[in-house]
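Got a structure here, written out as structure tokens. Questions coming.
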Amino acid sequence: MRLRKTALVVGTLALGSHMAGAQEANQPAAELPAVDVVQETPVQKAARAKKKAPAVSPLSTAPTTVATEGAGGGGQAGTGGGAPVLAAPITVPNAVTNVTDADIDREGTAQVQQALQQQVPGIILSDAAGNPMRSEVSFRGFDASPVSGRSQGVAVYQNGVRINEAFGDTVQWDVIPSIAVSSMSVVSNNPSFGLNALGGAISIQMKDGFTYQGGEIDIMGGSFGRGYIGAQAGASSGNASIYVAGEGIADGGFRDFSESEVKRFYGDLGLRGSMAEFHVSLTAAKNEFGATAAAPIQLLEQDWSNTFTSPQTTNYEVFMPTISGTVKATNTLTLSGVGYYRHYKNRVVDGNITEVGECEDAGNLGFLCLEEDGGEERVTDANGNFISAGAVDDPLGSIERLNTNSNSWGGVIEGQEKTPLFGRPNLLIAGVSYDHGKSNYSTSSELGTIGPKYVVDGSGVIIGGPEDLAPRDLDSENTYWGLYFSNALDVTDRLTVTVGGRYNHATIKLHDNTGDFEELNTTNKYERFNPMAGANYKLLPGLSVYGGYSESNRAPTPAELGCAEPENPCLIESFLTDDPPLDQVIGRTAEVGLRGQGIYYGGRYTWGAGLYRTLAQDDILPVTNDTGRIYFVNAGDTLRQGVELSATYETSKWNFYANYAFVDATLDTCDDPSGECAFLTAGDRLPGIPRHRFKAGAEYWVTSKWKVGADLVAASNSPYFPNEVSDEEGLNAFLPGYTRVDLHTSYDITENIQIYGLVKNLFNQKYGLYGTYFELDDVNEVNQELGTAEFSDARTMSPSMPFAAYGGVKYKF
């Protein structure tokens, strides 16, 4: 009895444990009564959400068959319980990694991207946005980023709803309340997830009142003025359930002008009976970020907190209600569906060094001009009047304002049929999806004066022309629909063969509301069928080999189509100028691997090893010129290939994980006759992608109440993003590799109260998470005006967060 009580108390509060899901596997009959007693305790339910199986489509997870290999009592790490239980074997023909709510809690910073980086071999984080809370996920060299202009190539789903934004396929990770996430599946090599799944897909499952009962309040504070409060509560009564969660984060930031404020909410109402289950949910967020972006290397050497050109703020709101349901139509047929509406409002204020300067031609003296192609053109204000040279004090800067309003809606209907085929177990999944989005995108540029710390003070003078700097007002409408299926047949007790495919159709319309850019008024259509086939074979109990081949496609986004003219590049996505057609990107992926699990010395282990190769035909890459303007091109074919290794081991006293990935990402072929595409030649490494990444961590229960743990992330060097500056100067710099160590600990004061501490970047390593180049002459002209030292190094980068420590308390009820 004493042992059982200890298991209950520690199991309730061990939020960081890797083994929280062990009790979900089936137990031998003799152990069921004891396990049920623990699982039915309300405090235990409040500590751990139900773990989901790996996703195999937008609405379906892998079958959770009975785990018979090595099954024992209902053990769980950190509880001192019975023998460990093996999870149900995975039979899909591709690599899949499941990240649980316990993994998110273990990481501790309420950022789901960080948990993904720790647990998934192929994932590493970068930070083009210049704010750690808006870091971007790179999986096998494909991005799911909040920043337009990145190599977007990962489809992200939340409860079956595709949440890549309508205008640029960006992903706003900070909208998702981390406390409300039940699990995240990272899936490769599966076209069922539709457009943009070149590298794979991430399927996020949220909690509800049927899988989470009880409540929790979490309060944390620490370095750089960080304050956090999170709360969740769930309950069910009969056939009804309710779940609500909210998080608030205030952070002063480790850099100047980098304050952030996050307010996000998730709620779910559920009804279920013996044959059906329905849910209504709401995701809402209102977030404000001081996104300070990259800064010159020499400026960061003076002080790691320095920033370059402010203000740089991003404020946005998200409101997304959904309705979903599952109906068991027959003993073998299950129908599922989800419908959604999503409103996205984004406001960006971006201070910059301007291209506008005093006119030099005799006929234009006394006015401001924009130099272009060796000539100059007078700059006008919003009323069409020429702007005099003395209207704004030197040194001149500009403040760009970018406004995006998107409304999207759609849904998925899917069926699962389990009727045996040829007398063998068979699972057929078929579905249809529809996504429709309307966006308005508007921009303006205000002249200003650059002051100390490169802060731009607006003058109130709004630029009306010339064309390159004129305000934009664009409507876009994108319609995506698809039909998909997959069929998994157990040919024998050991061999599962899966075949499938998906047809995607995309229509993207652009309309210029100013009347000045008729070339933007276009309609682009893309379509393709992407096949998939593979197999999984159980070599031995607990050991399987898998292999598969799949194809995928990505249609250009409205933002890319509106900025695809080399002669009229856009100012960091803001001034869309032309719409020459871009080809869709076609991905072809092959992979093979081994995975296993078993029991060793009283603990449960898992491991995996895989090889993959993805060729992206006509990949779309951004091209940046020496003034910071950008346009998108089909750069040729890019190749991403590599190795992934992972292992975990868990006992009742401690747990350990380690994973490694080798990602060789290169430009495979270049279509341009010059042999240069996006400032790369065939064989060059793609920028921003480290070849080697290694992650490891361990936790140890010092006592039944006190837990300590450590995590390590290491990455090798990665190429800077090239542009016209690097091309003209022959620069080829690399961001150095790095190693970061984090610590965490927790102590259970009572069954309901836990105190905890976190240390991030223990050894205060300083490294870059994004790098590119800037035009020295333009910046040094400003430095001369300000009386500051000139720069001699054209490299600029986004710095990593230095040493930080946090402490908090959790109360559960």
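For Phe278, state whether it is in contact (Cβ under 8 Å) with a residue 40 or more places away in the chain, more than 28 Å from Gly415 (Cβ to Cβ), open to solvent by 30 Å² or more (accessible area, probe 1.4 Å) and assigned to a strand (DSSP E or B).
The answer is no for Phe278.
Confirm whether Asp778 is closer than 30 Å to Trp607 by Cβ and in contact (Cβ under 8 Å) with a residue 12 or more places away in the chain.
No; evaluated as a whole, the condition is false for this residue.
Would you point out the residue of the range 731-749, among those that are assigned to a loop (DSSP other than H, G, I, E, B) and either in contact (Cβ under 8 Å) with a residue 60 or more places away in the chain or among the basic types (Lys, Arg) (or both), that is least open to solvent (accessible area, probe 1.4 Å)?
Ala733
Quick check: is even one residue across the range 182-203 outside any loop (DSSP other than H, G, I, E, B) and open to solvent by 10 Å² or more (accessible area, probe 1.4 Å)?
no
Mind telling me which of the residues Thr307, Thr283, Thr322, Thr354 ends up being under 22 Å from the mean Cα position of the chain (by Cα), hydroxyl-bearing (Ser, Thr, Tyr) and surrounded by 22 or more Cβ atoms within 10 Å (Cβ to Cβ)?
Going through Thr307, Thr283, Thr322, Thr354 in turn, just one is under 22 Å from the mean Cα position of the chain (by Cα), hydroxyl-bearing (Ser, Thr, Tyr) and surrounded by 22 or more Cβ atoms within 10 Å (Cβ to Cβ): Thr283.
I would also like to ask the following. For residues that are touching a residue at least 60 places away in the same chain (Cβ under 8 Å) and of a type in the set (A, V, I, L, M, F, W, C), tally how many sit in the range 369-389.
4
If you don't mind, there's one more thing I want to ask. Can you tell me which residue among Ser476, Ser433, Ser406 is in contact with a helix residue (DSSP H, G or I) (Cβ under 6 Å, 6 or more places away or on another chain), in contact (Cβ under 8 Å) with a residue 40 or more places away in the chain and within 30 Å of Thr523 (Cα to Cα)?
Ser476
In the range 406-461, how many residues are open to solvent by less than 40 Å² (accessible area, probe 1.4 Å), hydroxyl-bearing (Ser, Thr, Tyr) and within 30 Å of Asp393 (Cβ to Cβ)?
Here the count works out to 6.
Restricting attention to the range 524-544, which residues are within 29 Å of the chain's Cα centre (by Cα), open to solvent by 10 Å² or more (accessible area, probe 1.4 Å) and not charged (D, E, K, R)?
Listed by number, the residues that qualify are Asn524, Tyr526, Phe529, Pro531, Met532, Ala533, Gly534, Ala535.
Go through the range 330-342 and report how many residues are surrounded by fewer than 16 Cβ atoms within 10 Å (Cβ to Cβ) and in contact (Cβ under 8 Å) with a residue 24 or more places away in the chain.
3
Which residue is most open to solvent (accessible area, probe 1.4 Å), if the candidates are limited to the range 783-804 and must be within 30 Å of Gly227 (Cβ to Cβ) and of a type outside the set (A, V, I, L, M)?
If we take residues in the range 783-804 being within 30 Å of Gly227 (Cβ to Cβ) and of a type outside the set (A, V, I, L, M), then Phe803 is most open to solvent (accessible area, probe 1.4 Å).
Determine, yes or no, whether Ala245 is surrounded by fewer than 22 Cβ atoms within 10 Å (Cβ to Cβ) and in a strand (DSSP E or B).
no
While we're on this one: How many residues are open to solvent by less than 10 Å² (accessible area, probe 1.4 Å), of a type in the set (Val, Ile, Thr) and either assigned to a strand (DSSP E or B) or modelled with pLDDT under 95 (or both) if we restrict to the range 120-169?
6
Identify, by number, the condition in (1) of a type in the set (Gly, Ala, Ser); (2) open to solvent by 10 Å² or more (accessible area, probe 1.4 Å); (3) farther than 23 Å from Pro722 by Cα; (4) within 26 Å of the chain's Cα centre (by Cα) that Gly602 doesn't meet.
Of the numbered conditions (1) of a type in the set (Gly, Ala, Ser); (2) open to solvent by 10 Å² or more (accessible area, probe 1.4 Å); (3) farther than 23 Å from Pro722 by Cα; (4) within 26 Å of the chain's Cα centre (by Cα), the odd one out for Gly602 is (4).
Which ones in the range 750-768 are among the polar types (S, T, N, Q), out of contact with any helix residue (DSSP H, G or I) (no Cβ under 6 Å at 6 or more places or on another chain) and touching a residue at least 12 places away in the same chain (Cβ under 8 Å)?
Listed by number, the residues that qualify are Asn752, Asn761, Asn764, Gln765.
Among the residues of the range 681-704, write down those that are touching a Gly at 6+ places or on another chain (Cβ under 6 Å) and either open to solvent by 50 Å² or more (accessible area, probe 1.4 Å) or assigned to a loop (DSSP other than H, G, I, E, B) (or both).
Within the range 681-704, Thr681, Ile689 qualify.
Please go through the range 507-553 and pick out each residue that is of a type in the set (D, E, K, R), within 21 Å of His436 (Cβ to Cβ) and touching a Phe, Trp or Tyr at 6+ places or on another chain (Cβ under 9 Å).
Correct list: Glu527, Arg528.
From the list Ala647, Ala696, Ala665, Ala658, exactly one residue is farther than 30 Å from Leu86 by Cβ and among the small types (Gly, Ala, Ser). Which is it?
Working: Ala647 fails: farther than 30 Å from Leu86 by Cβ; Ala696 fails: farther than 30 Å from Leu86 by Cβ; Ala658 fails: farther than 30 Å from Leu86 by Cβ.
When all the criteria are applied, what remains is Ala665.
Within the range 712-750, count every residue that is under 28 Å from the mean Cα position of the chain (by Cα) and under 22 Å from Ile630 (Cα atoms).
Adding up the residues that qualify gives 10.
Let me ask something else about it. Out of all the residues in the range 750-766, which are open to solvent by 20 Å² or more (accessible area, probe 1.4 Å) and either among the β-branched types (Val, Ile, Thr) or within 27 Å of Asn717 (Cα to Cα) (or both)?
Result: Thr750, Ile753, Ile755, Val759, Leu762, Phe763, Asn764, Gln765, Lys766.
Residue check, Asp174 against (1) surrounded by fewer than 24 Cβ atoms within 10 Å (Cβ to Cβ); (2) in a helix (DSSP H, G or I), all met but one. Which one?
(1)
Still on this structure, please answer the following. Please count how many residues of the range 652-680 are of a type in the set (S, T, N, Q), open to solvent by less than 60 Å² (accessible area, probe 1.4 Å) and at pLDDT below 95.
Number satisfying all stated conditions: 1.
Residue by residue, here is whether (1) at pLDDT 95 or above; (2) touching a helix residue (DSSP H, G or I) at 6+ places or on another chain (Cβ under 9 Å); (3) in a loop (DSSP other than H, G, I, E, B) holds:
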position: Ala533; (1), (2), (3): yes, no, no
position: Tyr537; (1), (2), (3): yes, no, no
position: Gly547; (1), (2), (3): yes, no, no
position: Ser550; (1), (2), (3): yes, yes, no
position: Ala559; (1), (2), (3): no, no, no
position: Asn568; (1), (2), (3): no, yes, yes
position: Ala590; (1), (2), (3): yes, no, no
position: Arg595; (1), (2), (3): yes, no, no
position: Leu615; (1), (2), (3): yes, no, no
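Within the range 49-86, how many residues turn out to be modelled with pLDDT of 75 or more, assigned to a loop (DSSP other than H, G, I, E, B) and surrounded by fewer than 24 Cβ atoms within 10 Å (Cβ to Cβ)?
3
Just to be sure, is Ile219 open to solvent by less than 10 Å² (accessible area, probe 1.4 Å), within 15 Å of Ser178 (Cα to Cα) and either outside any strand (DSSP E or B) or at pLDDT 95 or above (or both)?
Numbers: open to solvent by less than 10 Å² (accessible area, probe 1.4 Å): no; within 15 Å of Ser178 (Cα to Cα): yes; either outside any strand (DSSP E or B) or at pLDDT 95 or above (or both): yes.
Against the criterion (open to solvent by less than 10 Å² (accessible area, probe 1.4 Å), within 15 Å of Ser178 (Cα to Cα) and either outside any strand (DSSP E or B) or at pLDDT 95 or above (or both)), Ile219 does not qualify.
Considering only residues of the range 705-730 that are more than 17 Å from Ala665 (Cβ to Cβ) and at pLDDT below 95, which is surrounded by the most Cβ atoms within 10 Å (Cβ to Cβ)?
Of everything passing the filter in the range 705-730, Asn723 is surrounded by the most Cβ atoms within 10 Å (Cβ to Cβ).
Now for a different question. Assuming Arg255 fulfils every condition listed in (1) farther than 25 Å from Val338 by Cα; (2) among the basic types (Lys, Arg); (3) open to solvent by 30 Å² or more (accessible area, probe 1.4 Å) apart from one, which condition is it?
(3)
The values are calculated or read from the model by the stated rules, or taken from the named source; none is laboratory data. Values in this document were obtained by computation on a predicted structure and should not be read as measured data. Methodologically, a virtual Cβ is constructed for each residue, glycine included, from the backbone with ideal geometry; neighbour enumeration extends over all protein chains shown. Protein only, heavy atoms only, side chains kept; ligands, DNA and RNA dropped before computing areas. Shrake-Rupley method; radii C 1.70, N 1.55, O 1.52, S 1.80 Å.
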